[in-house]
Structure formats: C-alpha cells, structure tokens
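K.L.:
Got a structure for you, questions after.
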Amino acid sequence: MKILIAPWGNPLGWQEVGYYYEGKCKKSKDPLEIIKEVENPNKTIIVIPDTLSDDFVYSLKNPSYSEIKTICDNLIFNFCTKELNFAPDKIIISYGFGEFNRTKFQGNAMDFYYKVFQELSFYFAELLAEMESKEIEVIFDATHGINYTTILTYRSLREILEIFSYVYDVKLKVLNSDPFFGRAGISKLNINVIEESKILPRISVYNSGKKPIEPYVSLEGKDKKELGQIISNFLKKISYNRDEILVFLGSFFFALPVFVLSYMISSKDIKDKIERISNEFENFIVLNSSGKLEILRKFEFEENFSNLVKAFLISAILEKSGFKKLSDIQLSEIEKLKKEIFKKLQVESNRIDKEIYDIQNLQNITQNYQVYSSILNKNVSQIDKRNFFAHAGFEYNSIKLRKDNNEIYMKICEYNKKQTENLIIDNLPKI
C-alpha cells in the first residue's frame, strides 16, 4: 500500500511552474500531479485548515460551521479536478486559528493536530481491509503546507506510522520542492527528498488527569465552569472510562501480553466514543457574524483524546491480526501475540519468550486455576513492582494458571487486579 499525503494552504494563489522529479518534468500548479504520475500511489490525502474559507464566507447568509467545512472541501476538490487532473481520495479539514480579511478563528492551536490525528487514524484503519501485504509506503509532500499545518500533520502521521510498524514494514519519504518565490526567471523546480526512513515501532502514552475535551483556556470564569459541567455530564452519558483506556494503552506500551488481551477494547466501541466527543466539540463552535465573521471553539482537545485515538488504532490493528478480548487466555495465544505484535522489540520479545518457556516447563499445573506463586510453592502474596515489569506482567502474584488437554490457560488474579491496574497507570509518563 502506497499513500501520498500533502498539507496545503490556499491553492488559488499558486502559479504554474515546471516541477522536476525522478527524471520527469511536468508543468503544474502543485507537485502532486508529477508525484502521482511517478509514484502511482493507491491513495492521495490532502490536509487543510478551515481558515481557507476566508475568501468565500461572504456568500453565506446565516453561516454555520458545517457550511465553512463544505466551502473548504469544495475549494480543494474543484482545484484538484480542474487544475491537477485528479480527485483526492480523502480531504481532511481541521481547525485553524488566526485573524484574516473576513474571518477570525479562535481556539487552541493544538486542535488542528488532534483532529488530523483522529481523521488520519480513521482513514488508515479503513485501509486495513485493503492491505494485502505487510508493506506500507507513505510519501509526504511538504511543499505547499503552511507553517503549523505542516509540522502538526507530520507529527500526527509519524505517530500513526510508528503504531502501524509494530505489525507492518513502514517506509516514509518526505518531499519538498525548491522555493518558488525569489527565483525570478527559474522555470523548473526540483522536488527534493528531505527524509527517507524506515519507521520503527513506538508508541507514546501519557497519563493525564484532564478530560478528552476541556473548556477553551481563554474563556471567562462562569462560562468556563458551566462548560466544564456540560463536558462531565456528556462523558458520563457516553460511558467514557479514562482508566480503562490507560490500562489498555499501558499494557501495550510496557509490552504486557496477558494484560493487552485482557483489557483489549472493541475498535468499534472506541470509534463511536471518539466520534461522539468530536461531534460534541463541533456543537460548541459558535459563529458571530456581526461585522467580521468570528468562529470560536468553546472546547479544546486534550491528551486523553489522543489516547482514545491511539487505543482505537491499536485495537483495529489487533483485530486485523485476529486478536480479541479474552479473560481465559491460552498460552498459544500469548505466543501468537508476541510473534505478531512484539517481535520487532528485541528486549521485550526475549523477555516474553523467557516467561513462556518457564510456564511451558512447569510440572504441577492443575485443571483448576491457581495463583502462579502457589504453583511455585512461594508464600508471597503481594505483587512486586520490579518483577511485574521485568517479567512482562507474568509476575507470580498477578496471574493464575491452569492446564486442560495439554493447553495452558491464564488469567489475571482477581484480588490483585486493582493493584496491577494502578501499577500500569501510575508508571506511565505524567503530563
């Protein structure tokens, strides 16, 4: 699967020039036309801020935020089909900020990142069904991105690819053409490769006490307090559980296979919560059209929104690989998880292999569940923090074992369950 992604500014001011790439040259208003011709990607994605609507809001009589998004979508689609001879497979419109000729967009600048991270993750998850091989190549063209949009799109893309690389072989190529302005008389611009790398598996998970959305930090006191209560009530309504998400992500982050399968969450359920939170976010975008059109986002996204999206993405990849939530886990399923998900992490993989070997060679496992420590004739009942992580979650007092028809099963020890959950959450980096 080859995917081409480009953050864009407003294309209406771009001029035609000859773009030169991989021995071919083509006159165009944007490099994507020649890049598509040379690379032949399966999918093309364009990312833009909603601020591109500025030149067109005058046509709206009673403007709504959905109409602003429609303006942006039409602008990019029409430019691509008329000027570049292709229709993008996906146009992602995210939240911008700043004051312009006809509009003023107010909100947290990081909202752009969170929305792009959500939309790119959803789209990549959809592509899982089409991926016949384990290879993904992504081409990121930074030529026409505008300051923060390029940086935040690249950041969100890289985080997604690092998660995918647990299972897939992922390559990233970043392109940027020679600058157009200040080069009078130059008729040809080279498209340069500024990064070409193999992406290694990695995930960042942060323990934040904030909600996935919070009142916009610049709002005044009373309004802010009322919005905070609205958010709390809404999150209860959709059964948002911060700890559940953090335990699942932490299990993956620390490579604890028994806990990954025990706390795995349905990607469909997480996606539903993300969409409902995102919709509620947009329900509180207020437009004031007295004079210059002001677009105020009363909510702002926080790190726990990103955690939800990461949990969704990991769940989707696990499901694609044939895994599901289990309370009674076969040792063979642990072996499969290690092979499919953690094999590229040499230290963690070796650690899990050693634990599997030790359990396979136990002589006195019964048909009924017993705490691992009692099988080893150890009298200690408290979980040792160091051993919990050093033994990849196979700590002697954290799991139970049984054997049935030569198959070993395991599950989390009930009376130490809360302690293991707290260990996982409390040892995640805090922000």
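K.L.:
Given a Förster radius of 22 Å and the C-beta distance between Val193 and Asp169 as r, what FRET efficiency does 1/(1 + (r/R0)^6) yield to the nearest 0.05?
P.N.:
That gives a FRET efficiency of 0.70.
K.L.:
Can I ask one more? May I ask for the net charge around Tyr168, where only other residues with Cβ less than 14 Å from the Cβ of Tyr168 are counted and Lys, Arg are +1 while Asp, Glu are -1?
P.N.:
Once positives and negatives cancel, what remains is +1.
K.L.:
Which residues does the label zone of Asp358 cover in segment 386-411, counting backbone N under 11 Å from a point 7 Å along Cα→Cβ?
P.N.:
387-397
K.L.:
Ok, one more. Within the set of other residues whose C-beta is less than 10 Å from the C-beta of Leu12, count the net charge using Lys and Arg as +1 and Asp and Glu as -1.
P.N.:
With Lys, Arg at +1 and Asp, Glu at -1, the neighbours total -1.
K.L.:
Sort segment 209-332 into rounded, prolate or oblate with this rule: let a ≥ b ≥ c be the square roots of the eigenvalues of the Cα gyration tensor; rounded if a/c is under 1.5, and if a/c is not under 1.5, prolate when a/b is larger than b/c, oblate otherwise.
P.N.:
prolate
K.L.:
Once amide H atoms are placed 1.01 Å from N in the peptide plane, what residues at a sequence separation of 5 or more from Met264, or on another chain, have their amide H within under 5 Å of its amide H?
P.N.:
It is Leu326, by chain and number.
K.L.:
Write down Rg/Rh for segment 1-156, rounded to two decimals, with Rg from the C-alpha atoms and Rh from the Kirkwood relation over Cα pairs.
P.N.:
Taking Rh as the inverse mean 1/r over Cα pairs, Rg/Rh reads 0.97.
K.L.:
Evaluate the Debye formula for segment 282-431 with equal point scatterers sitting on the alpha carbons, no solvent, and hand back log10 of I(q)/I(0) at q = 0.08, 0.15, 0.21 Å⁻¹, in q order, two decimals.
P.N.:
-0.35, -0.90, -1.50
K.L.:
Continuing with the same structure: Taking one equal scatterer on every alpha-carbon of segment 106-209, how large is log10 of I(q)/I(0) by Debye at q = 0.10, 0.19, 0.22 1/Å?
P.N.:
Here log10 of I(q) over I(0) equals -0.37, -1.05, -1.25.
K.L.:
A follow-up question, please. Run the 1.4 Å probe and let me know the accessible area of Glu16, rounded to the nearest 10 Å².
P.N.:
We get 110 Å² for Glu16.
K.L.:
Does anyone have the angle between helix 417-426 and the longest principal axis of the chain? Alpha-carbon axes, 0 to 90°, nearest 10?
P.N.:
Approximately 40 degrees, to the nearest ten.
K.L.:
Give the calculated FRET efficiency between Lys224 and Ser381 to the nearest 0.05, with a Förster radius of 56 Å applied to their Cβ-Cβ distance.
P.N.:
Efficiency at R0 = 56 Å is approximately 0.75.
K.L.:
Counting each pair of different Cα atoms once, what's the Kirkwood radius of segment 250-312 in Å, rounded to one decimal?
P.N.:
14.1 Å is the Kirkwood radius here.
K.L.:
For segment 1-90, just list the percent of Cα-Cα distances falling in each 5 Å bin from zero outward, please.
P.N.:
Result returned by the calculation: 3, 13, 23, 22, 18, 11, 6, 4, 2, 0, 0.
K.L.:
Dipole magnitude of the chain about its Cα centre, charges +1 at Lys/Arg Cβ and -1 at Asp/Glu Cβ only, in debye to the nearest 20?
P.N.:
So the dipole magnitude of the chain works out to roughly 600 debye.
K.L.:
Additional query: Determine the equivalent ellipsoid of segment 1-51 by diagonalising the alpha-carbon gyration tensor, then write out the semi-axes as square roots of 5 times the eigenvalues, largest first, rounded to whole Å.
P.N.:
20, 17, 6
K.L.:
By the gyration tensor of its Cα atoms, with a ≥ b ≥ c the square roots of the eigenvalues, what is the shape of segment 169-243: rounded for a/c under 1.5, prolate for a/b over b/c, or oblate?
P.N.:
Oblate.
K.L.:
Please report, as a whole percent, how much of the solvent-accessible surface of the chain comes from carbon and sulfur atoms (probe radius 1.4 Å).
P.N.:
The C+S portion of the solvent-accessible surface of the chain is 45 percent.
K.L.:
Quick one: helix 303-320 against the long Cα principal axis of the chain, what's the angle to the nearest 10°, folded into 0 to 90?
P.N.:
The helix 303-320 is inclined about 70 degrees to the chain.
K.L.:
Rolling a 1.4 angstrom probe over the protein chains, ignoring ligands and nucleic acids, what is the accessible area of Phe389 in square angstrom, nearest 10?
P.N.:
Ignoring ligands and nucleic acids, Phe389 comes out at about 40 Å².
K.L.:
What's the whole-number percent of alpha carbon pairs in the chain lying beyond 34 angstrom?
P.N.:
Value for the chain: 42 percent of Cα pairs lie more than 34 Å apart.
K.L.:
Give me the net charge of Gln330's neighbourhood, meaning all other residues with Cβ under 10 Å from the Cβ of Gln330; Lys, Arg count +1, Asp, Glu -1.
P.N.:
Cβ neighbours under 10 Å give a net charge of -4.
The values are calculated or read from the model by the stated rules, or taken from the named source; none is laboratory data. The structure presented is a predicted model; accordingly, all values stated were derived computationally and were not measured. For neighbour counting, all protein chains shown are included, and Cβ atoms are generated from backbone atoms with ideal geometry for every residue, glycine included. Just so you know, the surface numbers come from the protein's heavy atoms only, side chains and all, with ligands and any DNA or RNA stripped out. Shrake-Rupley method; radii C 1.70, N 1.55, O 1.52, S 1.80 Å.
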